[in-house]
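These notes concern the structure reproduced below.
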Amino acid sequence: MLDTLADPLSMLPTWELIDEIKSEEREVSRHRARQVELLRELERRTMRDPSPTTLAADLDVSTRTASELLETARRTPELSDRFQKLQSGAFTFDRAAALARLFAAGAEDETLAEAESHDIAGIYKLRSLTKRVRRRDERKAHAERHVRTWTNLDETAGFLSAQLTSIDWATVTAALDHRADRLPGYETSTREQLRADALVSIAQDALDGALQPGTSTGTVVTVMVDAAEASHTDCETGASVTAGPRIGPDTLDRLLCGGSAELVVAPETGYPIAVGPTTRVVPPKVRRVVLNRDGGCTIDGCTSNYRLEVHHILPRSRGGGHDLSNLTTLCWWHHHVDVHGRGNAIDPDSPPHRRTIVPESHLPP
Ligand SMILES: [Zn+2]
Ligand SMILES: [Zn+2]
């Protein structure tokens, strides 16, 4: 009697727990086998296949589960050994479904027999080897290739969606990974973020042509600033790229730092944020001196030499000038992503060759 008061699960030895989990899975197989039988009968009566979406909605399961059920019903003959093994619980439903898909892909009996000794991942691998790639499949994939781009409503983010043929997809993902592996940000960024950085850097290379390290001046864009608007919101409003997207203060700082923007101030206000074309870039001689002096990215521990750029320690928007003491060399990733992308700044008190990065709010006002 005392036993019934204690939690019976906590009394079970571990091996029994595992055994019971396994036997419940065999029970699931038996229920799935019954569903498969019922579905077959249903298809016979209605003379047409229920769609995976309808079945998924009826059963409140994922479309993947629904289409596995349908595929298994269609591809596992009632009298077959495979069906009996599902019924008896010797096969899990996942195994039976994987075998049904292998059969649907056109596998011969020999392959099916071989597959029974594989784990489920192995069966799917066999299936991808068995599945025929027809010319028309390849041509369809080629004809459907595309890259779509769009921005969100406030134009602070852009999106890409792409479909490529498998070989082109392999080229593109290999190139993204190759470039991402060479960016120094792996400790502070996710793989997806690094791939995004890689894509941007490849695009930048393409726009600039073949580049020698340290020769990048960036693409020059014209930024329109409505000074009356910008002055009372710290540039959160009023700035946009001519015939292009809206930009905010971080991007403005970056464009001004790289000398890649010329500012045009709304003439009616005449508010003086203007940076004329003659002073917009760091003079080439100063650039060379800074790049030579620093010999590479000055961030502590960084060894990247990729697209070295000259950065203004006190941002230009806050009055920082082109004087040598305000300039430091950064690699593309530290400059574009870690500093300007994240709204960070170089700690002006850090040693010139072991620079550290701090939030911009840490800069002296
Ligand atoms: Zn900069
Ligand atoms: Zn760096």
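The values are calculated or read from the model by the stated rules, or taken from the named source; none is laboratory data. Quick caveat: nothing in here was measured; it's all calculated off a predicted structure. Reconstructed Cβ throughout: ideal geometry from the backbone, glycine too, with neighbour counts over all protein chains shown. The area values use the complete protein model at the heavy-atom level, side chains included, leaving out ligands, DNA and RNA. Shrake-Rupley method; radii C 1.70, N 1.55, O 1.52, S 1.80 Å.
Note on the range 143-167: residues that are touching a helix residue (DSSP H, G or I) at 6+ places or on another chain (Cβ under 9 Å) and open to solvent by less than 100 Å² (accessible area, probe 1.4 Å) amount to 5.
One residue stands out among those in the range 1-35 that are modelled with pLDDT under 90 and outside any helix (DSSP H, G or I): the one that is surrounded by the fewest Cβ atoms within 10 Å (Cβ to Cβ), which is Met1.
Restricting attention to the range 281-320, the residues that are more than 14 Å from ligand 1 (Cβ to nearest atom), in a loop (DSSP other than H, G, I, E, B) and in contact with a helix residue (DSSP H, G or I) (Cβ under 9 Å, 6 or more places away or on another chain) add up to 5.
The residues in the range 40-55 that are in a helix (DSSP H, G or I) and more than 17 Å from Asp94 (Cβ to Cβ) can be counted, and the count is 10. Within the range 314-328, residues that are within 15 Å of Leu291 (Cβ to Cβ) have Cβ atoms under 6 Å from residues that are in a helix (DSSP H, G or I) and modelled with pLDDT of 90 or more in these pairs: Leu327/Val290, counting only partners at least 6 apart in sequence or on another chain.
Being farther than 30 Å from Ala162 by Cα, surrounded by 12 or more Cβ atoms within 10 Å (Cβ to Cβ), of a type in the set (Ser, Thr, Tyr) and within 35 Å of the chain's Cα centre (by Cα) is not true of Thr111. Residues of the range 80-101 that are under 16 Å from Arg34 (Cβ atoms) and open to solvent by 50 Å² or more (accessible area, probe 1.4 Å): Gln84, Lys85, Gln87, Ser88, Ala90.
Residues are listed down the side, and each one gets a yes or a no for (1) open to solvent by less than 20 Å² (accessible area, probe 1.4 Å); (2) β-branched (Val, Ile, Thr); (3) assigned by TED's automatic domain parsing to the domain that holds Leu252:
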residue	(1), (2), (3)
Gly301	no, no, yes
Ile313	yes, yes, yes
Arg316	no, no, yes
Asp323	no, no, yes
Leu327	yes, no, yes
Leu330	yes, no, yes
Val358	no, yes, yes
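What residue, of Asp49, Asp60, is surrounded by fewer than 13 Cβ atoms within 10 Å (Cβ to Cβ) and more than 18 Å from Phe83 (Cα to Cα)?
Criteria check complete, one pass: Asp60.
Is it true that some residue in the range 38-60 is in contact (Cβ under 8 Å) with a residue 24 or more places away in the chain, within 15 Å of Ala96 (Cβ to Cβ) and not hydrophobic (A, V, I, L, M, F, W, C)? Yes, the range 38-60 contains a residue that is in contact (Cβ under 8 Å) with a residue 24 or more places away in the chain, within 15 Å of Ala96 (Cβ to Cβ) and not hydrophobic (A, V, I, L, M, F, W, C).
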